[in-house]
Every structure is written in C-alpha cells, then in structure tokens.
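Each remark here refers to the structure printed beneath this line.
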Amino acid sequence: MFGRAYYLRRLHFLNCSIILGIKRKRKLRMRNKYKKPTTFPCNAGSKCSVSIIVWTLAGFLLLLHFFSLVSHKDGTSGEIELHISHNPSFRELVEVEEENIQIPPPRGKRSPRAAKRRPKRTTTLIDEFLDENSQLRHVFFPDMKTAIDPMKDNGNDSFYYYPGRIWLDTEGAPIQAHGGGILYDESSRTYYWYGEYKDGPTYHAHKKAAARVDIIGVGCYSSKDMWTWKNEGIVLAAEETNETHDLYKLNVLERPKVIYNDRTGKYVMWMHIDDCNYTKAAVGVAISDYPTGPFDYLYSKRPHGFDSRDMTIFKDDDGVAYLVYSSEDNSELHIGPLTSDYLDVSNVVRRILVGQHREAPALFKHLGTYYMVTSGCTGWAPNEALVHAAESIMGPWEDMGNPCIGGNKVFRLTTFFAQSTYVIPLAGLPGLYIFMADRWNPADLRESRYIWLPLIVRGPADRPLEYNFGFPLWSRVSIYWHKKWRLPSRWSG
C-alpha cells in the first residue's frame, strides 16, 4: 500500500484547502460589508461563519475516519510486505524471468514473383503458437519426456511446478481437469481438483464450428499437497444415448466448479451447459453427498433469464455463494447470490464490466477487497488478462490493468499463452495465491496444458479509479512468469 507519509501529505493538502476556503469566505464578507444590503436583510456573516464551522468539523471528522481506515489497511498490508521481503522463498517468486524465443525462418523459399504479388506477412509468436506444425511447438507444448511425475524420485525437483509441461497423476496418466477449480475439504483436509475430462478425439461438428471433444464427464483428483494428485475418477458422467439430456455426449459441458454447503452438508457443482452450436447458453447444477461423487445432475437454466457461458462460483466468508457469468453474447458479466442451499440463483443480479467483452472469470478475496481475473473473448486463442477489484462483490468493479509480469511482451499480452480459470488461496501465506489457467491446444484439446503461477497481492495500485476520483486503497495484483517454481517451504498443505 502507499506509505503513511503519502497519506499525511494528502491530509495536509486537504486541511490547507479548507483553510484557504475559509480565508476566501472572509475576504468575500469584507467586500460585502461595503455593498448595499439586499432586499432580503439577514445576518449573512453569522450564517456564513456557522456554515464554515459545520463544514470544517464535518470535513475534519471525515478525514479522521479516512485516515484511520487507511492506517489500518496500510498496517496490515505493511506486515505482508515485510513478510514477503524477508522471506527468501517469496523473493524468488517475485524475481522476473524473461523469455527470448526466436522465431525460426520460414520453411522453403518463395519465388520472387509470388513475393511481389502477395508480400508475406511477418510471422508472430502467436502465429507460431496457433500453428500445429510450427517448429516451436515443443516450446509451448513439451512432450512426455519432460512430464511432471510426482511418483518418480525427483530429488531436488520435488514439489516444483513446471507451467506448460504434461502433469501426471499418481497412476502415471496425464491429468484431465481442464477449465477446473479447487475445493478444499476441511473434514478430510484434502484438496479436490475438478475439471473437464477431455481424453477424447478433437473434431469440428461442422465447417464453422469451434474445435471440441465430446462430453466424457467431470474429472476429479485429490491431493494433500497440491502437487501429487490421485485420480478419483469421473464424478459426473456424460449421457451416452438420451439425446434430450443436457449431458448428452454431443453437447457441451465446461468450467465445472464445486463448493460445499455447510448448512445442508452437500457438495454442489455448477457448470456451463450448452449445445454444440453454443446457442443453449445455460448453467447446470449437480449435487453429491461426497466430494468424490457420484454427483446427481439436477437441471439447467438460463440464470435470471439471461444467456450464460463462461462462469464461476465464489463462496464468501459469510457462507453466501455467488454465480458470476458472461452474458449478452459475452459483452458483459452478471453476478448474483445463490439461494441458501446453493441449488438456484436468487432474484438479485447486477450487470458489471458492461461492454468490455470479458470471460473466464476467476474470483478471490484479500483483506476485505474482492478481485477478479478475466480474459478477452477470442475463442481458443490466447489474449490479455485483466484484473478488476471492488469493495463490494456486487460492484462497482474497477479495472486494474494487466497483472502479468515477466516472460516478454507477447507473453504478457497473451496471459502466458493461457486463459484464467481459478485462483487458489493459500492458508498461512497472506498475499500469496496460485493462479490457475489453461493453455488450450485447439488442434488436440486433450493435450491442453495447465499453467499454475504465483499470484501476489502487494504494493500500491498503479491505475486510477474509473468510477471515483483518485487512486484505490487496495493493492496491486501481479502474476509472475516462471519456467520452474514452488511454494515457500513453510507452506505444508
């Protein structure tokens, strides 16, 4: 956060402004003394003095309240800053890693006549990423030789995350949990990772359709340390024969998220449900007695009567859960609380980020402030992430800019060639989170990769408020690029 000296300067500036205002009022009274009285005689000087005193007192009390609020937040944030700066493991996470990827020369030579007739556009790193035949394919999608295998004796490489590499479960198979989220189950002290199970062939339903894999179901993996993951199987399976069912294999199931309802004792799953043409645009709800399922599918609907595509669920500290979803053809986001049993939306809804065309929302909370990472709307192609913040989850939400640090300019403008899906809080490590994202491979969706990176909340925001004057009190959000990283040793899972 800003230092105390900064806020003292602002407080001094405001006090000076009030004093100057009083002096101007006095000058005005002196001038009025020699003017003829108006047709409405009154003791204007007395009224003015009372008004100045009242407004001065009100302003002073307001400034005291403002300063106490700032001091509290500044003190808490300062403790986190001190904790991060004195912890070697934290310092490693904020060190910037740069990428210098050279684009290879084009294969084969073009004839001078062809070059003159149609000059070849300069190939970009994004072009190379999207080209399944690119010579740089191994950079973005490393093969099985470099896979992360927690069951192997990794020596000093144990518990290291390698963003973009194949990640194996305890049985040696690649983890299939795309567009997923994490549930921490307090009763078993276990983390559960739910996501789209995409271990099937990629194809196009028709010429203009997006790449897809038939619904197989929602995969679930369990872990005590968030590095070693056991496959718990498919906890919500596709419907193979009933073509009218929402989960019929030719439909779409995306971005499943699970939360636990403390009152009912049920595990509730929400997900994006659609047809192959993405015209249904609905949410689906399923329920289970256990985190490992099986989940019983209940129904689908358009929440609040609006179309819904990319979505997420957020459970607040007070137990109230919220649905956040892209709507109005992805031009805006909607947010609203769920009912107390988490099985439906309430009648309350708020439109946010209107006209900004954001999707893939991932929410988290830090020191009473709500943050949300979103992506742009470019299909399977990567784009720039933005962070938004709000004092109330219902808004207004302010834009905070691109949180990505490191790599290179293209890495930062493409969210490290990935798309947000979830942010994991880490108990005992205030200010540190794990940013979960998917590096989609539209040529073979089962080969899409996971990008897990450290997300740190600290330092003053560097972007002014849109809806209010000045800069916000909340902190900046930064996602740091690393080829290899791990959580601080003090974190025990």
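Among the residues here, Leu136 qualifies as open to solvent by less than 30 Å² (accessible area, probe 1.4 Å) and either among the charged types (D, E, K, R) or touching an Asp or Glu at 6+ places or on another chain (Cβ under 7 Å) (or both). Only one entry in Asp157, Asp185, Asp143 is open to solvent by 30 Å² or more (accessible area, probe 1.4 Å) and closer than 21 Å to Ser223 by Cβ, namely Asp157. If you go through the range 263-294 and pick out every residue that is open to solvent by 50 Å² or more (accessible area, probe 1.4 Å) and outside any loop (DSSP other than H, G, I, E, B), you end up with 1.
Answer yes or no: is there a residue in the range 208-217 that is in contact with a Pro (Cβ under 7 Å, 6 or more places away or on another chain) and closer than 27 Å to Leu426 by Cβ. No, every residue in the range 208-217 fails to be in contact with a Pro (Cβ under 7 Å, 6 or more places away or on another chain) and closer than 27 Å to Leu426 by Cβ.
Each residue in the range 211-236 was checked for being part of a strand (DSSP E or B), over 17 Å from Tyr192 (Cβ atoms) and not basic (Lys, Arg), and 1 pass. Checked against the criteria, Lys230 does not count as free of Cβ contacts under 8 Å to residues at least 24 places away in the same chain, within 23 Å of Leu445 (Cα to Cα) and surrounded by fewer than 19 Cβ atoms within 10 Å (Cβ to Cβ). Just one of the numbered conditions (1) open to solvent by 30 Å² or more (accessible area, probe 1.4 Å); (2) of a type outside the set (Asp, Glu); (3) more than 21 Å from Ile424 (Cα to Cα) is not true of His334: (1).
Which members of the range 194-210 meet the condition of being touching an Asp or Glu at 6+ places or on another chain (Cβ under 9 Å) and in a strand (DSSP E or B)? Those that are touching an Asp or Glu at 6+ places or on another chain (Cβ under 9 Å) and in a strand (DSSP E or B): Gly195, Glu196, Tyr203. A residue that is under 21 Å from Met436 (Cα atoms), modelled with pLDDT of 95 or more, assigned to a loop (DSSP other than H, G, I, E, B) and not acidic (Asp, Glu) occurs somewhere in the range 138-145. Against the list (1) more than 26 Å from the chain's Cα centre (by Cα); (2) modelled with pLDDT of 95 or more, the condition Ala205 fails is (2).
Filter the range 95-111 down to residues that are modelled with pLDDT of 90 or more and open to solvent by 70 Å² or more (accessible area, probe 1.4 Å) and give me whichever is farthest from Thr170 (Cα to Cα).
Quick first cut of the range 95-111, residues modelled with pLDDT of 90 or more only: 98-101.
Now drop any that are not open to solvent by 70 Å² or more (accessible area, probe 1.4 Å), which leaves 98, 100.
Working: Glu98: 32, Asn100: 34 Å.
Only one residue tops the list, namely Asn100.
Elements of the type strands (runs of 3 or more DSSP E) sitting completely within the range 363-425 and holding at least 2 residues that are open to solvent by less than 40 Å² (accessible area, probe 1.4 Å) and under 16 Å from Phe435 (Cα atoms): these cover 369-375, 386-390, 419-425. Which of the residues belonging to the range 112-128 are touching a Lys or Arg at 6+ places or on another chain (Cβ under 9 Å), open to solvent by less than 100 Å² (accessible area, probe 1.4 Å) and either at pLDDT 80 or above or not in a helix (DSSP H, G or I) (or both)? Answer for the range 112-128, where residues must be touching a Lys or Arg at 6+ places or on another chain (Cβ under 9 Å), open to solvent by less than 100 Å² (accessible area, probe 1.4 Å) and either at pLDDT 80 or above or not in a helix (DSSP H, G or I) (or both): Asp127, Glu128. Here the range 393-437 is the region considered, the condition is being in contact (Cβ under 8 Å) with a residue 60 or more places away in the chain and among the aromatic types (Phe, Trp, Tyr), and the residue that is farthest from Ile103 (Cα to Cα) is Tyr433. Might you let me know whether the range 339-354 holds any residue that is in contact with a Phe, Trp or Tyr (Cβ under 6 Å, 6 or more places away or on another chain), open to solvent by 20 Å² or more (accessible area, probe 1.4 Å) and not aromatic (Phe, Trp, Tyr)? The answer is no; no qualifying residue exists. For the criterion of being open to solvent by less than 20 Å² (accessible area, probe 1.4 Å), under 22 Å from Ile434 (Cα atoms), touching a Phe, Trp or Tyr at 6+ places or on another chain (Cβ under 8 Å) and not hydroxyl-bearing (Ser, Thr, Tyr), Ala321 passes.
Say whether the condition of being open to solvent by 80 Å² or more (accessible area, probe 1.4 Å), under 19 Å from Thr421 (Cα atoms) and either assigned to a loop (DSSP other than H, G, I, E, B) or of a type in the set (Phe, Trp, Tyr) (or both) is met by at least one residue in the range 166-176. No, the range 166-176 has no match at all.
Being closer than 25 Å to Ile234 by Cβ and more than 16 Å from the chain's Cα centre (by Cα) narrows it down to one of Asp296, Asp307, Asp317, so name that one.
That would be Asp296, the only listed residue that is closer than 25 Å to Ile234 by Cβ and more than 16 Å from the chain's Cα centre (by Cα).
When Val285, Val252 are checked against the criterion of being under 25 Å from the mean Cα position of the chain (by Cα), closer than 22 Å to Ile393 by Cβ and β-branched (Val, Ile, Thr), a single residue qualifies: Val285. Of everything listed in (1) open to solvent by less than 60 Å² (accessible area, probe 1.4 Å); (2) of a type in the set (Ser, Thr, Tyr); (3) within 20 Å of Lys280 (Cα to Cα), the single unmet condition for Thr241 is (1).
The values are calculated or read from the model by the stated rules, or taken from the named source; none is laboratory data. Source: prediction; values computed, not measured. Neighbour counts are summed over all protein chains in view; Cβ atoms, including those assigned to glycine, are modelled from backbone coordinates with ideal geometry. Remember, those area values only see protein heavy atoms, side chains included, never the ligands or the DNA or RNA. Shrake-Rupley method; radii C 1.70, N 1.55, O 1.52, S 1.80 Å.
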